[in-house]
1. What number, in nm² with one decimal, is the all-direction average of the projected area of the convex hull of the alpha-carbon atoms of region 194-306?
2. If packing is taken as the mean number of other Cβ atoms within 10 Å per residue, what is the order of 39-46, 285-292, 183-190, highest first?
3. Taking Cα pairs under 8 Å and at least six residues apart, what relative contact order does region 184-306 come out at, in percent?
4. Let me have the relative contact order for region 127-181, percent, based on Cα pairs under 8 Å that are six or more residues apart.
5. What residues qualify as long-range amide H neighbours of K171, i.e. H under 5 Å apart, gap of 5 or more or another chain, H built at 1.01 Å from N?
6. Would you mind working out the magnitude of the charge dipole of region 174-306 relative to its Cα centre, with +1 at each Lys and Arg C-beta and -1 at each Asp and Glu C-beta, to the nearest 20 Debye?
7. Relative to the first principal axis of the alpha-carbon coordinates of the chain, what is the inclination of helix 37-52, with its axis defined by its Cα atoms, in degrees from 0 to 90 and to the nearest 10?
8. Roughly speaking, what is the centre-to-centre gap between region 202-261 and region 129-150 when only Cα atoms are used, to the nearest Å?
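Nothing in this text is a laboratory measurement; each read-out follows from the coordinates by a stated rule. Everything quoted here is computed from the prediction, not taken from an experiment. Neighbour counts are summed over all protein chains in view; Cβ atoms, including those assigned to glycine, are modelled from backbone coordinates with ideal geometry.
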Amino acid sequence: MKRISQYLLLVFLFLTPPLWLDSSQITIAVITSGKSSAYSQALEGFLKLLKEKKVDAKIWECNLEEKEEESKAIIRQIKQKAPDFIFTIGSKATILAYENIKDIPIVFSMVLAPVVTSTNITGVTLNIPVEATLKTLKRILPKAKRIGLIYSEKSEGIVKTFTAYEEMDLKLISKKIKSEMEFPDALKNISKRIDCFLMHADPSVYSMPSTQYLLKTSLAAGLPVIGLSLSYVKAGALFSLDCDYEDIGKQSAEIALRILMGERADLIPFLHPRKQNLCLNLIVAERLGIKIPKKIIKEALVVIKE
């Protein structure tokens, strides 16, 4: 009889929604950095997962593009409303919340991995794992052995990461620079020793001038470039892995649910995007004499043909 009672209790606990699913108890402040389709997709994914989990939360949304001059008022209102947590979309919104809110959990999205010291923030970065990029590289450019990389002090971590992928038979040829002004000379230094070039997120290395120089020079030299996103592929990179923005929103919502269940934000590590979309530029591939298997082309979300 005792075992039956315990079993019924477990069933009750499993089937009974936790108290935080009561919409009257959950308030979420959403701060968006501006208007963009990527931000909209992230928010859509966030709300979609909450709905799937039957969390009918009260959402207070603010767009900084519309109210940039009222950022102080936004922070004041958030403190007054005291939501259960804050969901930020984009760098501008995340920085605003991080610098001004210390006692409310913050879940960020749509930003590169931030350097934080506060204990109330976690989230999903835009940093696609290097392993995923390298595996795609090996499929598209199986003969490539030497990868070119230009980095700065801000992105030294990516160089250390490569030691974990020696089994892929890849060698890193890298050059460290202090600013984008040194980029042309650094590229000349390594270009004749590499099979392809890997871009990575580093504002000290990449600006519009340095990116344009890279894509123009590499194409003329017959050097494939792995871009950061679809926009780079459209501009002349061979391929890129793009984030699935809606799924980033879903991942952020999953983190938020963990916080609502009692986990501390600072004990939840930053997550990488778990889904990536392949983008290919077949015009560049043809010009470089690269034949991409039809199977891979079919897998791509975006294929640029003309």
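1. 9.2 nm²
2. Highest mean packing first, the order is 39-46, 183-190, 285-292.
3. Worked out over region 184-306, it gives 22 percent.
4. 44 percent
5. So K171 has HN proximity to R146, I147.
6. The dipole magnitude comes to about 540 debye.
7. The angle comes out at about 40 degrees.
8. Using only Cα atoms, the two centres lie 15 Å from each other.
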